[in-house]
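One structure below.
The values are calculated or read from the model by the stated rules, or taken from the named source; none is laboratory data. The structure presented is a predicted model; accordingly, all values stated were derived computationally and were not measured. Cβ: placed from backbone, ideal geometry, glycine included. Neighbour counts: every protein chain shown.
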Amino acid sequence: MTTLCAAVRDLIMNMLSILVNCICLPFAFWNVVKTGLSTFTFCGNKKRFSPKVVAITGANSGIGEGIAYAYAKDKVSLVLLARNLERLEKVAEACRELGSPDVKVVQMDVADTKFVTDFFEEKTTEYGIDLFIANAGIAAVPKTPLLHQAEKVLQINVMGTIAGINSVFMAMQKRGRGGQIAVVSSVCGFFNPPNLLSYGTSKAAVMSYCRDLRSLGKDDNIIVNTIAPGYIATNMTTSFSRKNKRFFLTPEYFGEKVKNGLENDVPLISLPLHQFFGFAIMAALPPAAKQCLADFLHRHVDPILSKKRASEVLPEKTN
C-alpha cells in the first residue's frame with residue numbers, strides 16, 4: 001500500500017507539473033516578447049553592467065582562463081586567483097598582451113576559507129572589484145574512494161565558494177555602490193550521473209544558494225548570476241570524446257558568452273543549449289522517474305567516467 005501511495009503521489013505530481021507549466025506559458029511568452037522588443041531598441045543595446053575590475057578564482061586554466069581572456073580583450077583590469085602560481089603568471093601575461101591595463105596575481109587555495117574571507121573583506125574595496133567570479137573547484141579527488149571524496153569536494157566547491165561569495169557580498173554592501181557576483185555551477189547541478197555524486201551535490205548547492213542570493217542582492221544593488229556550463233573542453237573533461245565539435249565548447253568561446261551574459265544580467269547562463277535542456281528536463285522529472293534514470297546512468301555512463309578517474313589529474317577550475 002505504501003508503494004502504491006508513492007506511485008500515485010508521483011502521478012499527481014507529474015500532472016500538477018504539467019498544469020503549472022501550462023499556466024506559466026503566457027508569462028514565458030510575454031518575457032520573450034518583452035526581451036525581444038528591448039533588444040531591438042536603442043536602450044536595449046546598452047550593457048546593463050560594465051565592470052572595470054574583475055576578480056576570478058581558478059583563473060589558471062579552463063573556464064576561468066577563458067573568462068579572463070574575454071575581459072582582457074575589453075581592457076578590463078583583472079585580479080586572478082588560483083593555487084598554481086606558475087600557470088597563473090602565464091595567464092596573467094597573456095591577459096596583459098590582450099590589453100588588460102592592470103593584472104594582479106594572487107595565489108589562493110579556496111579550501112582555506114579563512115584566507116578567502118580575510119582576503120576579500122580587505123581587497124574588494126582596495127582593489128575596486130566590481131565583478132567577482134567564483135570559478136575554482138574540483139570534480140573529484142584522484143585515487144580516493146568515491147564516498148571519501150565528499151569532504152574534500154564539498155569543502156572546495158561549496159564552503160570555499162560561499163566564503164568568497166559572502167565576503168565579497170558584504171564588502172560590496174559596506175561600500176554602498178553595488179556590484180556583481182557570478183558563480184560557476186554546472187549542468188550537473190540539475191542532474192548528474194551517480195559516479196559524480198559529490199560534484200553534483202556541490203553544484204546543486206551553489207546553484208540554489210545563488211538563486212536566492214540574487215533576490216537578496218537587489219536590496220543593495222548587487223547582481224548575482226549563476227553560470228552552469230555543460231561540456232567545455234578543459235582538462236577536467238578529457239575522458240569525454242571530442243570528435244564531434246558540436247558536442248562541446250572551447251573555454252575561450254564560452255568565456256565570451258559568459259561575459260556577454262553577465263553584461264546583460266542573464267540570471268542563469270548555461271551552454272551548450274542542448275545540454276542545458278537535457279539536464280534541466282531530467283531535473284523536472286518526478287521522483288520515481290529520476291530514480292530509474294539514475295539507475296540507467298549508473299549502468300551505462302558511470303563505467304565511462306570511472307575509466308580515467310583513478311589516473312586523471314584534475315585542475316582547479318569548475319565546469
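Quick notes
- The residues on offer are ALA55, ALA82, and the sole one that is over 15 Å from LEU131 (Cβ atoms), of a type in the set (Gly, Ala, Ser) and crowded, with 16+ Cβ neighbours inside 10 Å is ALA82.
- Residues satisfying the stated conditions in region 190-232, i.e. among the hydrophobic types (A, V, I, L, M, F, W, C), outside any helix (DSSP H, G or I) and closer than 25 Å to PRO251 by Cα: PHE190, PHE191, ILE223, VAL224, ILE227, ALA228, ILE232
- Residue identified as outside any helix (DSSP H, G or I), closer than 26 Å to ASP74 by Cβ and β-branched (Val, Ile, Thr) among VAL105, VAL141: VAL105
- Residue in region 195-208 that is basic (Lys, Arg) and modelled with pLDDT under 95 present: no
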